[in-house]
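What follows is a single structure, written as C-alpha cells, with notes after it.
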Amino acid sequence: MDFYERWILPPLVDLVMRRKDLTKYRRAAVAKAQGRVLEIGVGSGLNFALYGKQVELVYGIDPSERLLSIARRRAAASGIPVELLLGSATAIPLADNAVDTVVMTWTLCSIPNPLAALREIRRVLKPNGNLCFVEHGFRPTPASNAGSVSSLRPGVASRAAVIWTAR
C-alpha cells in the first residue's frame with residue numbers, strides 16, 4: 001500500500017462521505033437492518049450511529065486499516081457491539097449463513113469484482129436475510145460482464161435504498 005492509499009485517501013473518503021445530504025440515504029439503507037449485520041465497506045463507521053435496537057452485532061469489513069481505525073472510535077461511541085474485520089468483500093471471513101442482514105452504502109461500485117462480492121454476500125447471508133444498499137452506479141466493467149452484474153441487481157435507482165431478500 002502506498003503513501004496515498006494509506007494516509008491521503010482514507011481521510012478524504014471520510015470527509016466526502018460525511019456530507020449531510022447523504023444521511024437520509026444511509027438512514028434508509030440501515031433502517032431494515034436487524035440481528036447480526038455485516039456492513040461491507042464499513043469505511044470510517046459513519047453508519048454505526050444509525051443502527052437501531054433490533055441490531056445485536058455489526059461486523060464491519062473494509063480493506064483500509066486507516067479507515068478501520070477511525071471506525072473503531074465511532075464504534076466505541078455508538079453503543080452497539082461492533083467487530084471490525086480487515087478484508088475484502090470478495091473473501092468475507094465469516095461462516096456460511098452467518099448474518100441476518102448485509103448493509104452496503106456506496107460500496108459495490110468500488111469493488112473490482114462485484115459479481116464475486118455478491119456471491120460472497122449470498123454465502124454469508126442467512127436464508128430470507130436482507131441485503132440493504134445504497135448505490136449510485138457500478139464500477140465500469142467490460143461489456144461481457146455488464147449483463148451478469150446487472151442481472152443480479154434488482155432495479156436499483158440512483159441513490160435509492162433497495163432491500164433485497166435472499167431466497
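Annotations for the structure displayed:
- Pairs meeting the criteria (first residue in region 14-35 and of a type in the set (Phe, Trp, Tyr), second residue open to solvent by 20 Å² or more (accessible area, probe 1.4 Å) and in a loop (DSSP other than H, G, I, E, B), beta carbons under 6 Å, at least 6 apart or on different chains) are TYR25/ARG159.
- Within region 87-114, considering residues that are surrounded by fewer than 15 Cβ atoms within 10 Å (Cβ to Cβ) and of a type outside the set (Gly, Ala, Ser), the one nearest to ASP14 (Cα to Cα): CYS109
- Residues of region 36-46 classified as under 17 Å from LEU125 (Cα atoms) and open to solvent by 10 Å² or more (accessible area, probe 1.4 Å), total: 2
- For the residues ALA33, ALA28, ALA49, the requirement of being touching a Cys at 6+ places or on another chain (Cβ under 7 Å), within 16 Å of VAL103 (Cβ to Cβ) and either at pLDDT 90 or above or surrounded by fewer than 13 Cβ atoms within 10 Å (Cβ to Cβ) (or both) singles out ALA33.
- For ARG72: the one exception among (1) in contact with a helix residue (DSSP H, G or I) (Cβ under 9 Å, 6 or more places away or on another chain); (2) touching a residue at least 24 places away in the same chain (Cβ under 8 Å): (1)
- Condition broken by ASP62, with the remaining ones in (1) of a type in the set (Asp, Glu); (2) open to solvent by 70 Å² or more (accessible area, probe 1.4 Å); (3) within 15 Å of the chain's Cα centre (by Cα) satisfied: (2)
- Residue within region 3-14 that is among the charged types (D, E, K, R), in contact with a Leu (Cβ under 8 Å, 6 or more places away or on another chain) and open to solvent by less than 40 Å² (accessible area, probe 1.4 Å) present: yes
The values are calculated or read from the model by the stated rules, or taken from the named source; none is laboratory data. Remember, predicted model here, so these are calculated numbers, not experimental data. In this analysis, Cβ positions are derived from the backbone assuming ideal geometry, glycine residues included, and neighbour counts consider all displayed protein chains. The protein model used for the area step is the full one, side chains on, heavy atoms only, and it has no ligands, DNA or RNA in it. Shrake-Rupley method; radii C 1.70, N 1.55, O 1.52, S 1.80 Å.
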